[in-house]
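The values are calculated or read from the model by the stated rules, or taken from the named source; none is laboratory data. Just so it is clear, the structure is predicted and the values come from calculations on it, not from any experiment. FYI the Cβ positions are ideal-geometry reconstructions off the backbone, even for glycines, and counts take in every protein chain you see. SASA here: full protein model, heavy atoms, side chains in, ligands and nucleic acids out. Shrake-Rupley method; radii C 1.70, N 1.55, O 1.52, S 1.80 Å.
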Protein chains: 2
Amino acid sequence: MLSQTQTIHPVLLCGGSGTRLWPLSRALYPKQVLKLESEEALIIQTARRAQGKCFTAPLVICNEEHRFLISRLLQEADITPSGVVLEAEGRNTAPAAAVAALFALNRAAEREDPLLLLLPSDHAIPDGEAFQSCVSKGVEAAQDGRIVTFGIKASRAETGYGYIEIDAAAACISAPVEVLRFVEKPDEVTAEEFLQGGRHCWNSGIFLCGAKTLLSEMERFAPDVLSAARTAFEQGRQDLDFFRLDAAAYHRSPNISIDHAVMERTERASVLAVDFEWSDIGSWQELWSRSPKDEANNALVGDVIVQATTGSFVYGASKGLTVVSGLEDAVVINTEDVVLVTKRSGASPIKAVLDRLAAEGRSEHLSHASVYRPWGSYKILVHGTQFQVKEVNVNAGAALSLQYHEHRSEHWIVVEGVAEVTRDSDTFELNRSESTFIAPGQVHRLINSGAKALKIIEIQCGDYLGEDDIVRLEDDYGRR
Amino acid sequence: MLSQTQTIHPVLLCGGSGTRLWPLSRALYPKQVLKLESEEALIIQTARRAQGKCFTAPLVICNEEHRFLISRLLQEADITPSGVVLEAEGRNTAPAAAVAALFALNRAAEREDPLLLLLPSDHAIPDGEAFQSCVSKGVEAAQDGRIVTFGIKASRAETGYGYIEIDAAAACISAPVEVLRFVEKPDEVTAEEFLQGGRHCWNSGIFLCGAKTLLSEMERFAPDVLSAARTAFEQGRQDLDFFRLDAAAYHRSPNISIDHAVMERTERASVLAVDFEWSDIGSWQELWSRSPKDEANNALVGDVIVQATTGSFVYGASKGLTVVSGLEDAVVINTEDVVLVTKRSGASPIKAVLDRLAAEGRSEHLSHASVYRPWGSYKILVHGTQFQVKEVNVNAGAALSLQYHEHRSEHWIVVEGVAEVTRDSDTFELNRSESTFIAPGQVHRLINSGAKALKIIEIQCGDYLGEDDIVRLEDDYGRR
């Protein structure tokens, strides 16, 4: 574990858009919130990795659309972030890193240069101790004004990652060395050469550096990024537990990574060659290769039956059986609203499918059957022409807005927990198996004031059932 | 069309168990009730094929577990059968044919020998006129005491069908000829020889014969079948609209087809070589080959997106998107509760999967998410530990039993149609968006006395939610 007296400020970079593991991930439910290889979401695994006496609470930088989902995960994991900074739009890692540096400096003593540990929040690093031990080896260099990146020793000829070239002779030492060159994703022949040559590490996207160092190098090599980030930060505003960057200012930053904006240009780039197990879990192939397998080399998750099938990744839905027969190297992902069947290897051009869904005004690229809201989640159980049935889950202590609908009535039946209901001027409690009826135009509110989860079944009837038939009179989450 | 003065008695043989097209078909929802290649179920397509002035109403012989489903389909199609005979257990076509002969003779004048047209109820014959024209060509031979079977001229080297060998010289004439030999499903080389030789037709399983002829040949070649069928018929009993064969007697019949029991032994077998389009739709390969296809040779049904995929059959669920990327010759069947992914060609040993489901006490081999009842159907929308939400569809004019539950309460919300509700001594009407509550122990009944479909959402709460927590006081369908 780390033992330096210097405090490190972990920064969780959560800008991932969640297309590569679709339909497990969705635009509104990105990879970093998936519970892969653990009972905890990747973002929580990442936060835990940077916990200990040398670390401050983490700073989270995420898309505003993920704010409730991510703050709920942090809360459930009992992690209080030092801040949650919201991007209206992802602009890649360079402006996010600049904002993190500004945020840390803003809270630091005048002469202090806070050490930032920039962490992609959707990677797997199973050995937390090895990780912290490596981070500690980079501290001195970072304190000396270097921007230290972490290069993972290649264990196979991987074509899915960027590489960092270093001096072969220096590759095995335990302190950062100079970066010779950043290399984009190679073809298979080149990847094999890299593996044999021993001069190339995988680019993990993890950085350790002083906030002032980062800003000064940005000033020099990416002044437009820094300028946009600074304005977005200075003109940002606190909103409940969140800090909203000024959207217009932030949008003016080039959409660029730290690597391109700074690391490929600065003379202060160092790389620490590390050998802990690491993965960006960026493909079905990668997820399959890391999973436990049966005797036929199949990785099976959930309610799945396979026969005469080999080398496949089959992910069963929370509801429903998945049967695969007679296939090789297949991927079958069964979610409640989408089934994807594809091949394990080879880049899957799923983006074209997502674009088509967006163009058709559908929602499967955006969200799961379960839709997350600040107060909990809901799921449409059945959708008719003039009725709709929802399962509504309200978090302990949470409240929906005080609202009314013009076109629909609602029946609520409590099936788990206790509901506090406001209807017109009445407020009353509903226990399990009790119900109430809300007529169109009737002002109402649903609150879970208990300590346990509340689940109700809501039956809507009306000629128009759109989510936009809602007039909010009061809302705990600042929504209109 | 047929123009003989002789009346033909169509017999719909509905014993199919529905394993080959699982999960589209289920044990309780067999292939003959699927709506394949038409808006109507295969059994209705079959019944329509034998309608006209020469035909009596059809006699239906089906499994007792399918009785409500099949009688509902007939009713919706405005077909009144001459009888619906129930088998407690399928014993293949020989005893069913014997029962059909006994049934027809029982209603016929003393000297009459009714002509039976035995029809498998799950085959596709798109050209009804060609079919009737061929049937008419067999009538004279059947009247002369022949048992006429219909041989389909082979159009490819098919290994999935049985064959009938005939004299090549006689193959093209328009009247039945002698059967030389029945041949079991051949291997590929033999099937190719059959195709080239022109002496072999596919065995369609359709027969035309006098009832007395059939019984006398059974008496000679399969007396144990006839004896069991006769006792089962004589000791059977009328039950509402159904005729129940005596189960114990029927069970004593050998499980044997008409071909093995009679046709391979009798000297009265004739075959009419016909060239109408015919299929038993017995495999995904067959279903795919008969379906309209896109430019990449994919047959796609429902809400499906494919990319870089060829030669595949993709069947989308009624609810939910199916995406297939980068596959060849695949079969993807997405039903509400089961997803099957397999290869298009090659016999799929799905029986092992069904056996496993049965052994594990599951229900996916038996029924769909929608479960059919005499009064309509229901579907479980969500199942919790202490609650359950069902969508309940009640047919026009139908009534659930007068009943109560010991362990659960029920909320009913009408979302389509009008419900007539009995609760204790009250009877009242519920319109759309109205609801009622049934406490445990409270006697209740749900009736759809209107002319339109009734749909309610039922929310059950209780510590025990099993289907067997039901005490029936009165039931229109003779259930206890």
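To keep it simple, each residue is scored yes or no on (1) out of contact with any strand residue (DSSP E or B) (no Cβ under 8 Å at 6 or more places or on another chain); (2) under 29 Å from A:A100 (Cβ atoms); (3) loosely packed, with under 14 Cβ neighbours inside 10 Å.
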position	(1), (2), (3)
A:D167	no, no, yes
A:A175	no, yes, yes
A:V183	no, yes, no
A:R199	no, no, no
A:G210	no, yes, no
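State all residues of the stretch A:295-317 that are of a type in the set (S, T, N, Q) and at positive phi; if no residue qualifies, say none.
In the first step, residues of the stretch A:295-317 are kept if they are of a type in the set (S, T, N, Q); the result is A:297-298, A:307, A:309-310, A:312.
Within the stretch A:295-317, A:N297 is the sole residue that qualifies.
Working only within the stretch B:369-381, note down all residues that are open to solvent by less than 20 Å² (accessible area, probe 1.4 Å) and facing chain A (nearest Cβ under 10 Å).
Matches in the stretch B:369-381: B:L381 only.
Just to be sure before I move on: is B:E267 within 14 Å of chain A (Cβ to nearest Cβ), open to solvent by 20 Å² or more (accessible area, probe 1.4 Å) and among the acidic types (D, E) in the structure I sent?
Numbers: within 14 Å of chain A (Cβ to nearest Cβ): no; open to solvent by 20 Å² or more (accessible area, probe 1.4 Å): yes; among the acidic types (D, E): yes.
Answer is no for this residue.
In the stretch B:383-397, which residues are open to solvent by less than 20 Å² (accessible area, probe 1.4 Å) and without any contact (Cβ under 8 Å) to a residue 60 or more places away in the chain? It would help to see each step written out before you state the result.
Let us first name the residues in the stretch B:383-397 that are open to solvent by less than 20 Å² (accessible area, probe 1.4 Å), namely B:384, B:387-392, B:394.
The one that is open to solvent by less than 20 Å² (accessible area, probe 1.4 Å) and without any contact (Cβ under 8 Å) to a residue 60 or more places away in the chain: B:G384.
Here are some conditions: (1) open to solvent by 10 Å² or more (accessible area, probe 1.4 Å); (2) modelled with pLDDT of 95 or more. B:I61 meets all but one. Which one does it not meet?
Only one criterion is unmet by B:I61, namely (1).
Mind checking which pairs have a first residue in the stretch A:414-438 that is more than 11 Å from chain B (Cβ to nearest Cβ) and a second that is among the hydroxyl-bearing types (S, T, Y), Cβ under 6 Å, 6 or more apart or different chains?
Qualifying pairs under 6 Å: A:E420/A:S449; A:V421/A:T436.
If I go through the stretch A:133-147 residue by residue, how many of them are crowded, with 20+ Cβ neighbours inside 10 Å and in contact with a helix residue (DSSP H, G or I) (Cβ under 8 Å, 6 or more places away or on another chain)?
3
Can you work out which of the residues in the stretch B:313-329 that are part of a strand (DSSP E or B) and either more than 7 Å from chain A (Cβ to nearest Cβ) or acidic (D, E) (or both) is surrounded by the fewest Cβ atoms within 10 Å (Cβ to Cβ)?
Of the residues in the stretch B:313-329, the ones part of a strand (DSSP E or B) are B:313-315, B:321-325, B:328.
So of that shortlist, the ones also either more than 7 Å from chain A (Cβ to nearest Cβ) or acidic (D, E) (or both) come out as B:313-315, B:328.
Numbers: B:F313: 22, B:V314: 26, B:Y315: 22, B:E328: 14.
This residue is B:E328.
Residues B:S121, B:S133, B:S174: which one is among the hydroxyl-bearing types (S, T, Y) and more than 30 Å from B:L287 (Cβ to Cβ)?
Numbers: B:S121 fails: more than 30 Å from B:L287 (Cβ to Cβ); B:S133 fails: more than 30 Å from B:L287 (Cβ to Cβ).
That would be B:S174, the only listed residue that is among the hydroxyl-bearing types (S, T, Y) and more than 30 Å from B:L287 (Cβ to Cβ).
Could you list, in sequence order, the residues of the stretch A:446-480 that are in a strand (DSSP E or B), within 14 Å of chain B (Cβ to nearest Cβ) and either of a type in the set (A, V, I, L, M, F, W, C) or free of Cβ contacts under 8 Å to residues at least 24 places away in the same chain (or both)?
Here is the first cut: in the stretch A:446-480, the ones in a strand (DSSP E or B) are A:446-447, A:454-462, A:471-474.
If we keep only those that are within 14 Å of chain B (Cβ to nearest Cβ) as well, we get A:454-462.
Within the stretch A:446-480, A:L454, A:I456, A:I457, A:I459, A:C461 meet the criteria.
Mind checking whether some residue in the stretch A:298-312 is part of a loop (DSSP other than H, G, I, E, B), open to solvent by 70 Å² or more (accessible area, probe 1.4 Å), of a type in the set (A, V, I, L, M, F, W, C) and not assigned by TED's automatic domain parsing to the domain that holds A:L86? First the steps, then the outcome.
First, pick out the residues of the stretch A:298-312 that are part of a loop (DSSP other than H, G, I, E, B): A:298, A:302-303, A:308-309, A:311-312.
From what is left, the residues that are open to solvent by 70 Å² or more (accessible area, probe 1.4 Å) are A:308.
Okay, now just the ones that are also of a type in the set (A, V, I, L, M, F, W, C), so A:308.
After this cut, where a residue has to be not assigned by TED's automatic domain parsing to the domain that holds A:L86 as well, the list is A:308.
Yes, there is a match, as at least one residue in the stretch A:298-312 is part of a loop (DSSP other than H, G, I, E, B), open to solvent by 70 Å² or more (accessible area, probe 1.4 Å), of a type in the set (A, V, I, L, M, F, W, C) and not assigned by TED's automatic domain parsing to the domain that holds A:L86.
Please find, within the stretch B:339-368, the residue that is modelled with the lowest pLDDT out of those that are within 9 Å of another protein chain (Cβ to nearest Cβ) and open to solvent by 30 Å² or more (accessible area, probe 1.4 Å).
Kept after step one, since they are within 9 Å of another protein chain (Cβ to nearest Cβ), are these residues of the stretch B:339-368: B:339-343, B:346, B:348-350, B:352-353, B:356-357, B:362, B:364.
Checking the rest, the ones that are also open to solvent by 30 Å² or more (accessible area, probe 1.4 Å) come to B:343, B:346, B:348-349, B:352, B:356, B:362.
On the way: B:K343: 94, B:G346: 69, B:S348: 65, B:P349: 70, B:A352: 90, B:R356: 94, B:R362: 92.
For the stretch B:339-368, the residue satisfying everything is B:S348.
Go through the stretch B:121-203 and tell me which strands (runs of 3 or more DSSP E), entirely inside it, have 1 or more residues that are among the small types (G, A, S). Give the derivation first.
Values: elements: B:147-153, B:163-165, B:181-183.
Per the criteria, B:147-153.
With the requirement that a residue be aliphatic (A, V, I, L, M), under 27 Å from the mean Cα position of the chain (by Cα) and buried (at least 16 other Cβ atoms within 10 Å of the Cβ), what does the stretch B:432-480 give you?
Correct list: B:L454 only.
Does B:A100 satisfy being of a type in the set (A, V, I, L, M, F, W, C) and part of a helix (DSSP H, G or I)? Full working, then the answer.
Details: of a type in the set (A, V, I, L, M, F, W, C): yes; part of a helix (DSSP H, G or I): yes.
Yes.
Being of a type outside the set (G, A, S), over 20 Å from A:A41 (Cα atoms), at pLDDT 95 or above and not in a helix (DSSP H, G or I): is that true of A:L105 here? Show your work before the answer.
On the way: of a type outside the set (G, A, S): yes; over 20 Å from A:A41 (Cα atoms): yes; at pLDDT 95 or above: yes; not in a helix (DSSP H, G or I): no.
Answer is no for this residue.
Criterion first (open to solvent by 40 Å² or more (accessible area, probe 1.4 Å) and closer than 22 Å to B:A100 by Cβ) does B:A261 satisfy it?
Details: open to solvent by 40 Å² or more (accessible area, probe 1.4 Å): no; closer than 22 Å to B:A100 by Cβ: yes.
Taking the combined requirement at face value, the residue does not satisfy it.
For the subset of the stretch B:282-297 comprising residues that are more than 23 Å from the chain's Cα centre (by Cα) and closer than 21 Å to B:P126 by Cα, which member is least open to solvent (accessible area, probe 1.4 Å)?
Going residue by residue through the stretch B:282-297, those that are more than 23 Å from the chain's Cα centre (by Cα) are B:292-297.
Now narrow it down to the ones that are closer than 21 Å to B:P126 by Cα: B:292-293.
Numbers: B:P292: 114, B:K293: 70 Å².
That would be B:K293.
Give all pairs with beta carbons closer than 6 Å in which a residue from the stretch B:82-108 that is over 21 Å from B:A248 (Cβ atoms) and in the same structural domain as B:H66 (by TED's automatic domain parsing) meets a residue that is part of a loop (DSSP other than H, G, I, E, B) and open to solvent by less than 20 Å² (accessible area, probe 1.4 Å); count only pairs at least 6 apart in sequence or on separate chains.
Pairs that qualify, where the first residue is over 21 Å from B:A248 (Cβ atoms) and in the same structural domain as B:H66 (by TED's automatic domain parsing) and the partner is part of a loop (DSSP other than H, G, I, E, B) and open to solvent by less than 20 Å² (accessible area, probe 1.4 Å), are B:A104/B:P114; B:A108/B:P114.
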